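Worksheet: the structure to be examined is printed underneath.
Each reported figure results from applying straightforward, stated rules to the coordinates on display, with no laboratory input. Just so it is clear, the structure is predicted and the values come from calculations on it, not from any experiment. Reconstructed Cβ throughout: ideal geometry from the backbone, glycine too, with neighbour counts over all protein chains shown.
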Amino acid sequence: MKREEVITMMKNTKCLILGVALAVVCVVMTGQVHAVSGDEVSELIETLEAGEPVYYKNLTIVPIYTTRIKDRFRYTTLDEALEDGLLEIREVEGGQVPQVELTNRSDRYIFLMGGEVLTGCKQDRLVGRDVLIKPKSRRVIVPVYCVEAGRWTYESDSFYSKQNLGTGKLRAEGQKAGKSAQGDIWDEIRSMSDRVGVSSPTSRLQAVYESEDTRRELSAFEGKMEDIPHLYPDVIGVVVGVGDEITSVDIFANPALFRRLWPKMLESAALSAISHKRAGSITQGDAIGLLRMLHDRRYKQKAGIDLGFELSVVDDKVNVNALVYRNAVIHLAAFPEGEIACGSRTDGDRERRIPVIRRP
């Protein structure tokens with residue numbers, strides 16, 4: 001091959017590599033969303049099994065556990081980070097309702113779960129969707145929703161946590177991030193406050209949690225269901241039902257992360273049960289049917305807020321979002337939309353452990 005031909009070939013190769021690199025950069029910078037198979041979600045679902053339902057009043061909890069844990073890393077939770085002074089959360093430029101600013105002052109990987117409530121500053125906020133913050137990250141902008149419509153004055157310089165999580169309906173609206181999400185969240189807080197008989201001058205979600213009557217009822221649920229993460233060593237999540245409807249699904253990377261978040265998840269589920277008096281219960285078959293449906297969806301992928309990427313689907317059946325990092329699902333949250341087809345109730349539903357999907 002002649003010297004000139006070699007030089008031309010090298011130039012063309014460099015152009016091809018550069019072109020591919022630029023294409024990748026453009027996708028990342030524009031936050032382009034595209035449909036993918038969602039292999040990480042499918043692989044997770046294929047390892048899951050449903051335990052026996054735990055019932056109390058109109059609340060059903062179906063433990064979900066796994067035959068294979070892919071990620072055993074110890075992520076630091078929001079409450080742990082704030083308690084240890086590792087994380088600072090402030091208003092953006094003096095205060096913007098849909099955003100807050102996070103700075104990780106530590107060498108930890110900090111996980112914020114979609115729906116967690118941030119208290120203080122100019123008004124309480126609800127985290128819109130899952131966030132994984134890398135060590136030493138500064139000024140990470142996170143989407144949030146107001147859960148205190150009647151206040152816009154500083155209560156504190158930075159946000160803190162009272163260890164609360166929005167109900168399934170509030171979390172679903174925040175995760176879906178539709179045009180009417182903020183208004184729907186305010187409406188649900190007002191409606192829930194009326195149903196449980198709690199009045200707050202600022203329509204504060206926190207006031208519902210702190211009501212003496214609500215606390216007494218929540219304690220009864222906690223006494224019956226607080227040990228669910230310890231039923232088996234490999235419990236990594238739950239399917240929650242209020243009355244005869246599934247309200248939420250939460251599955252985590254490993255049992256340790258699930259256990260640390262379970263207390264606020266249980267309070268959230270119990271508050272939903274208290275404020276919605278629907279009778280009935282869900283079954284293992286119902287939980288399995290929904291998990292199988294999650295396996296079969298076609299997901300859209302977009303970059304995560306700081307680390308990882310998200311796989312999501314919002315359609316007439318389900319609203320689901322999974323945060324993926326290092327090829328593992330850190331957390332999957334799903335909320336049924338309208339009527340969904342549940343699993344068949346067969347004799348196998350009475351078995352202690354039922355594979356959701358088993359490879360041939």
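Observations
- Stretching the chain fully between Phe73 and Glu337 yields a gain of 91.8 nm (0.36 nm per residue, less the alpha carbon separation).
- Counting charges near Gly150 (Lys, Arg +1; Asp, Glu -1) among other residues having Cβ under 13 Å from its Cβ returns a value of +1.
- With the simple spin-label model, which puts each label point 7 Å out from Cα in the Cβ direction, the Asp107 to Gln206 separation comes to 3.4 nm.
- Extension gain (nm, one decimal) between Ala256 and Asp296, 0.36 nm per residue minus Cα-Cα: 11.6 nm
- Exceeding the 29 Å Cα-Cα cut-off - candidates Lys70/Lys302; Lys57/Lys300; Lys224/Lys277; Lys134/Lys224; Lys277/Lys302: Lys57/Lys300; Lys134/Lys224; Lys277/Lys302
- In this calculation the C-beta distance from Ser191 to Trp152 is compared with R0 = 22 Å, giving a FRET efficiency of 0.50.
- Charge context of Glu91, other residues only, Cβ under 15 angstrom, K/R +1, D/E -1: -2
- Annotation for Ala220 and Ala303: the two label points, set 7 Å from Cα along the Cα-Cβ direction, are 5.0 nm apart.
- Potential lengthening between Asp39 and Glu80 on full extension [0.36 nm per residue; Cα-Cα distance subtracted]: 11.6 nm
- In this calculation the C-beta distance from Asp234 to Asp213 is compared with R0 = 45 Å, giving a FRET efficiency of 0.75.
- Neighbourhood charge, 10 Å Cβ-Cβ cut-off, centred on Ala333 and excluding it, Lys, Arg +1 and Asp, Glu -1: 0
- 26 Å Cα-Cα reach of Lys122 towards lysines, excluding residues that sit fewer than 8 places from it in its own chain: Lys136, Lys162, Lys169, Lys176, Lys179, Lys264
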